[in-house]
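Shown next, in structure tokens, is the structure this report addresses.
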Amino acid sequence: MTRKIKIGNTEIGGGSRVKIQSMNTTDTADVGATLEQITKLAEAGCDITRVAIPHMEAALALKEITKWSPIPVVADIHFDYKLAIAACENGAAKIRINPGNIGDRENVRKVADCCKERGIPIRVGVNSGSVERSLIAKYGGVTAEAMTESAIGAVKILEDLEFEDIVISIKSSSPKLTIDTYRCLAAQCDYPLHVGVTEAGTLREGMIKSAVGIGTLLAEGIGDTIRVSLTADPVEEVRAAKMILRALDLDKGGITFVSCPTCGRTQVPLIELANKVESRICDLPYNIKVAVMGCAVNGPGEAREADIGLAGGKDEFLLFEKGETVRKIKTADIDAAVDEFVNEVIRVGKGQEADKPV
Ligand code: SF4
């Protein structure tokens, strides 16, 4: 089991729930816009967010952002140790740096001392683009072993300064290399691991790469916090992360949505209805299973196993609740059918809100 570390009012590692992270896309110096986006991320289920700190104005903005943010805020720093120190002094709950790229040991020591004084952990973030040339030569390319040695080397810089409040990330845009590298790293240390496939791509491509990379590792018990990296609204990253966790029964609850692929038996506009229903209910906090099925062959069985479900007939759906047929919903006006079903989902879900343990 990994070590447990504290990040603001939450924890990572040591057997605690896998935490969902995302990263703001706002200009950090714009406090209002940044807080607005953090609120949306938190409402979607994000546990920890990260903001870019490219200049001192952004570091100073953290003071107000962290005062009002409902979730811990991590400062993302490259190259400039002074920004890391300013971020710590202005309320960052964690800082993300690569000790190998913020200058000489004296600068790293100043950052480590500042973090230690305030109980702020450091995420050592290494990725395939930051592996040292000597390691690439040694291993004949950017391999899992090269990336692991690079990360261990960066961690060693902090350990030599007697700083061990550390999370490690070691990302690649290749799910395969990400999986191999985290396996290699997990075998060599017990620091909590921040897992993700970096630069994974747009919504569709990125979700699949992340599901494969992150999902494989989580299924093996590797990973204490995750970020799905998408070229999309960061709220989508949180939704995707929740889906990955839910698929592995590692989530904190929420709606499980089941729908069939349709086939020649389908006589209702199921694809349209399923997509509209899913987008309306995906952020609801209820801990229930919802099924939307295309026909009466397999549909009623699956729908009956759900807390609430639909099974298609001829131009109508049968509405099931806890195994009992309740009534019919006509499909002549699909939006009205969606409204009707979503209202039923909310009615059934009320009182079955998901827990949010630490
Ligand atoms: S539930 Fe019915 S419509 Fe859907 S795939 Fe199965 S048989 Fe086809």
Links that overshoot a 20 Å alpha carbon limit, given the list 242/328; 176/209; 328/350: 242/328; 328/350
Between residue 205 and residue 101, what length comes free when the chain is fully extended (0.36 nm per residue of separation minus the Cα-Cα distance, one decimal in nm)? 34.4 nm
Using +1 at the Cβ of each Lys and Arg and -1 at the Cβ of each Asp and Glu in the chain, identify which of 221, 309, 130 lies farthest towards the dipole's positive end. 221
Can you give the net charge of the other residues whose Cβ lies under 10 Å from the Cβ of residue 85, counting K and R as +1 and D and E as -1? -1
With +1 on the Cβ of every Lys and Arg and -1 on the Cβ of every Asp and Glu, and nothing else charged, how large is the dipole of the chain about its Cα centre, in debye rounded to the nearest 20? 400
So residue 326 and residue 298, fully extended at 0.36 nm per residue minus their Cα-Cα distance, gain in nm 8.3 nm
Averaging over every viewing direction, what projected area does the convex hull of the Cα atoms of the range 5-247 cover, in nm²? 11.6
Please report, in whole Å³, the volume per residue of the convex hull around the C-alpha atoms of the range 256-349. 77
Given 0.36 nm per residue, what is the gain on full extension from residue 353 to residue 156 after removing their alpha carbon distance, in nm? 66.5 nm
Distance (nanometres) between label positions extended 7 Å along Cα→Cβ at residue 343 and residue 30: 3.9
Would you look at the GNM of the chain, springs on alpha carbons closer than 10 Å, and say which of 232, 75, 137 moves the most? 137
Amide H partners (placed H, <5 Å) of residue 123, local residues excluded: 95, 96, 97, 167
Of the candidates 206, 254, 141, which one comes out as most mobile in a Gaussian network treatment of the chain with C-alpha springs shorter than 10 Å? 141
On average, how much area does the Cα convex hull of the range 43-153 cover when viewed from any direction, in nm²? 7.8
Report, ordered by chain and residue number, the lysines lying within cross-link reach of residue 110, taken as a straight Cα distance under 23 Å and ignoring same-chain residues fewer than 8 apart. 6, 63, 82, 94, 156
Per residue of the range 138-143, in order, report the coupling 6.51 cos²θ - 1.76 cosθ + 1.60 (Karplus, θ = phi - 60°) as ³J(HN,Hα) in whole Hz, putting x for Gly and Pro. 4, 9, x, x, 7, 9
Based solely on its DSSP helices, what 222 nm [θ] is calculated for the chain when runs of n ≥ 4 H residues each add -39,500 (n - 2.57) and the sum is averaged over all residues, nearest 500 deg cm²/dmol? -13500 deg cm²/dmol
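Any read-out appearing in this document is the output of simple, stated calculations on the displayed coordinates, not a laboratory observation. Just so you know, these numbers come straight off a predicted model, no measurement behind them. Positions of Cβ are generated from backbone atoms using ideal geometry, with glycine treated the same way; all protein chains shown enter the neighbour counts.
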